[in-house]
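As structure tokens, the structure follows; a few thoughts come after it.
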Amino acid sequence: MCIRDRVSTQSTGKLMTVSMRAAAAARCIRAPIYRRACSTLAPREAMEYDVVIVGGGPAGLSAALRLRQLAEEREKELSVCVLEKGAEIGAHILSGNVLETKALDELVPNWAELGAPLDTPVEKDSMRFLTASSSIWLPTPPPMNNHGNYIISLSQFTRWLGEQAENAGVDVFPGFAVSEVLYDDVGAVTGVATGDMGIGKDGQEKDTYARGMELHAKQTLFAEGARGSCSEEVMAKFNLREHADPQVYGLGIKEVWEIDPDKHQPGTVSHTIGWPLTSDTYGGSFLYHMEGNLVQIGFVVGLDYENPYVSPYQEFQRFKQHPSVRPLLEGGSCISYGARVINEGGFQAIPKLTFPGGALIGCSAGFVNVPKIKGTHTAMKSGMVAAESIFDTVTESEGYDPSIPKIEVTEYQSGMEASWVWSELKAVRNVHPSFHYGMWFGLLYSGIETFVLRGMAPWTLRTTTPDSARTKPAAECTPIEYPKPDGEVSFDILTNLARSGTDHEHDQPAHLRVKPELAHVPEEISYQTYGAPETRFCPAKVYEYSVEDGEDKPKLVINAQNCVHCKCCSIKMHQEYIKWTVPEGAGGPGYNLM
């Protein structure tokens, strides 16, 4: 079955216009069909593009749009495809977003005329330190100055960006989860394959079974966001992290509220540090007033925390009870919920960006300015630089020829190193690592770094330990008693989960899989030694332990249908014992305002 058929019958994506379906249909007819021998599975059909982009977020769509702009400017034939696992563009996009328009101004200078959903300019910034009962003003660090920026819904902005890409001639396919990276005989990337659909929990084909598609390309760009499964695979295969620090992460948990109009202050941006976190845990809150009496409120907890009893979700719910926060939410209604991990490794954790046949862009590579709490503008710029770097290579010859060796376009690496992204991230490289020595040292050092040194320090602070190895045994830590949710301002996880729009085909194999070589870790180590931290850090209640009748040991239960695709479990599990794979296309959260 061709993608054109499956888009119309199985994907719920909204961006596939009639013209794009016709274009996809024509390409599927024209492209030669390559079939790969397999002893147990039916062969897959294949489509060919000059460039295939995995991930329909800001980085991937910016790369696609820039490629088509270049093709128009230079009058070149160029085919570009974007594959997105969400049911529609933007469905898996979550960010507490105050957008800096630097990259957007370069990519689409007339964005205002084209109706970009940037409706709330920042009017006021504040930074505060919280104790349990008070709120203390702090000077706003220069990287957090939001003058000229806009409070947006990144999922809505991404939908708009997807429309611009489609209008420029990009084939955008939402609802197709890329499950496999394809390689040639010498190990170069030749494209990707989407996952099979219609397989039951028992591993057997159902009546709805459809084999995945192969998409072959001269260059494949990976734009999956933080901790993307295919991106992690190519980083390991090509040893791209050899000279980089381990990537570390924060877990961002977010709600969108509709509040009393009398309390609403459009354009107000507030951040806090301190309570309810202890001084040895990195994190803080954000609260942004959008148009329409909407407030984005969220909490980020660094996943390098040590106490296994910490629950990032419960810390967020407790934060909302603070006397400076609760009155704002009282009388309002929570209308959306979600969670996603954030790259926090910074400049030192950026891997090598290129490999034969492709490159990493956006948050797949870790382009996040942590002290600025921004990564959209840097992700977009990386996609644009990648497009400009690979354009000549992919337009040298017409059509796809599998006999032509895949090229590693190293110009992208040098282009990024010469860009404003590189200098921006390098200037703040020491801020996040300074918090490894505790909040008080981190605050003092960050003040010196941002107000005095301004990125010119002759040293670089390093990160050497991944988040999974930072957790201490439960016996060394103090249990945390969290307050029960009140149902008005704070909620239990399952109540909030219903607000995420999360939906998976129930009868399919679990996409969260215990690695076979680490099968003993959950029950024998994570539960026994570390007190089952996965039952606390997951913001969707995916993991729990149960004792079956006649058994004396607890068994790990994975409620994969709850998964919001935050990727936390693949990071914080002891020994990283979970392998995160993609479920059937279109499964997962259905974000609209996030």
Inset, instruction - Kindly sort TRP275, TRP257 by accessible area of their heavy atoms, largest first, with the probe set to 1.4 Å. - result: TRP275, TRP257
Inset, instruction - For the range 272-392, report the accessible area per residue in Å² (1.4 Å probe, heavy atoms, rounded to an integer). - result: 22
Inset, instruction - Enter the per residue convex hull volume of the range 129-246, computed from alpha-carbon coordinates, in Å³ rounded to the nearest integer. - result: 281
Inset, instruction - Work out the length of the dipole vector of the chain about its Cα centre, built from +1 on the beta-carbon of each Lys and Arg and -1 on the beta-carbon of each Asp and Glu, and round it to the nearest 20 debye. - result: 620
Inset, instruction - Place a +1 charge on the Cβ of each Lys and Arg in the range 48-96 and a -1 charge on the Cβ of each Asp and Glu, then give the dipole magnitude about the Cα centre in debye, rounded to the nearest 20. - result: 200
Inset, instruction - For the chain, find the longest principal axis of its Cα atoms and tell me its angle to the long axis of helix 18-30, 0 to 90°, nearest 10. - result: 50
Inset, instruction - Sum -39500 (n - 2.57) across every DSSP H segment of at least 4 residues in the chain, then divide by the residue count to get the 222 nm mean residue ellipticity, nearest 500. - result: -6500 deg cm²/dmol
Inset, instruction - Jot down the radius of gyration and Dmax of the range 361-463, Cα atoms only, both in angstrom. - result: 18.2, 59
Inset, instruction - Mind putting a number on the dipole of the range 48-177 about its Cα centre? Charges go on the C-beta only, +1 for Lys and Arg and -1 for Asp and Glu, and I need it in Debye to the nearest 20. - result: 600
Legend entry - Cα gyration tensor of the range 488-561 - equivalent ellipsoid semi-axes, whole Å, descending: 25, 17, 12
Inset, instruction - Compute the semi-axes of the equivalent ellipsoid of the range 446-594, taking the square root of 5 times each eigenvalue of the Cα gyration tensor, and list them largest first in whole Å. - result: 31, 23, 19
Inset, instruction - Tally up the carbon and sulfur contribution to the accessible surface of the range 341-429 as a whole percent, 1.4 Å probe, everything protein left in place. - result: 54
Inset, instruction - May I ask you to list the lysines whose Cα is less than 24 Å away from that of LYS206, ignoring any residue fewer than eight positions away on the same chain? - result: LYS85
Inset, instruction - Of the listed values [x] 0.95; [y] 1.07; [z] 1.14, grab the one calculated as Rg/Rh (Cα atoms, Kirkwood Rh) from the structure here. - result: [x]
Legend entry - Fraction of accessible area attributable to carbon and sulfur, the range 48-202 (%, probe 1.4 Å): 47
Inset, instruction - Distance between Cα centroids, the range 448-490 to the range 528-594: provide it in whole Å. - result: 21
Legend entry - Rounded percent of accessible protein surface that carbon and sulfur make up, the range 459-565, 1.4 Å probe: 48
Inset, instruction - Hey, can you find the accessible area per residue of the range 131-248 for me, probe 1.4 Å, expressed in square angstrom? - result: 37
Inset, instruction - Kindly report, to the nearest 10 Å², the accessible surface of HIS506 as traced by a 1.4 Å probe over protein heavy atoms only. - result: 110
Inset, instruction - From largest accessible area down, sort ASP105, ASP50; use a 1.4 Å probe on the protein chains. - result: ASP105, ASP50
Inset, instruction - For the range 168-206 and the range 144-160, write down the distance between their C-alpha centroids in whole Å. - result: 31
Legend entry - Interatomic Cα distance distribution for the range 461-501, bins of 10 angstrom, percent: 20, 26, 29, 24, 2
Legend entry - Compactness of the range 221-350 as Cα Rg over 2.2 N^0.38 Å, two decimals: 1.25
Inset, instruction - Please state, rounded to one decimal and in Å, the Kirkwood hydrodynamic radius that the range 315-376 gives when every pair of distinct Cα atoms enters the mean of 1/r. - result: 15.0
Legend entry - Binned Cα-Cα distance frequencies in the range 43-133 - 5 Å width, integer %: 3, 9, 15, 17, 18, 13, 8, 7, 4, 3, 2, 1, 0
Inset, instruction - Considering only protein heavy atoms, with the full assembly of protein chains and a 1.4 angstrom probe, order ASP262, ASP467 by accessible area, largest first. - result: ASP262, ASP467
Inset, instruction - Considering the convex hull of the alpha carbon atoms of the range 548-594, report its projected area averaged over all viewing directions, in nm², one decimal. - result: 5.2
Inset, instruction - Treating each Cα of the range 516-594 as an identical point scatterer and ignoring solvent, apply the Debye formula and state log10 I(q)/I(0) at q = 0.12, 0.13, 0.18, 0.25 Å⁻¹. - result: -0.38, -0.44, -0.78, -1.29
Inset, instruction - Just read off the accessible area of CYS363 with the full protein assembly in place, 1.4 Å probe, to the nearest 10 Å². - result: 40
Legend entry - Solvent-accessible area of LEU107 with every protein chain in place, 1.4 Å probe, in Å² to the nearest 10: 10
Inset, instruction - For the range 438-573, report the accessible area per residue in Å² (1.4 Å probe, heavy atoms, rounded to an integer). - result: 52
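The values are calculated or read from the model by the stated rules, or taken from the named source; none is laboratory data. Just so you know, these numbers come straight off a predicted model, no measurement behind them. FYI the Cβ positions are ideal-geometry reconstructions off the backbone, even for glycines, and counts take in every protein chain you see. Side chains are part of the model used for accessible areas, which takes the heavy atoms of the whole protein and leaves out ligands, DNA and RNA. Shrake-Rupley method; radii C 1.70, N 1.55, O 1.52, S 1.80 Å.
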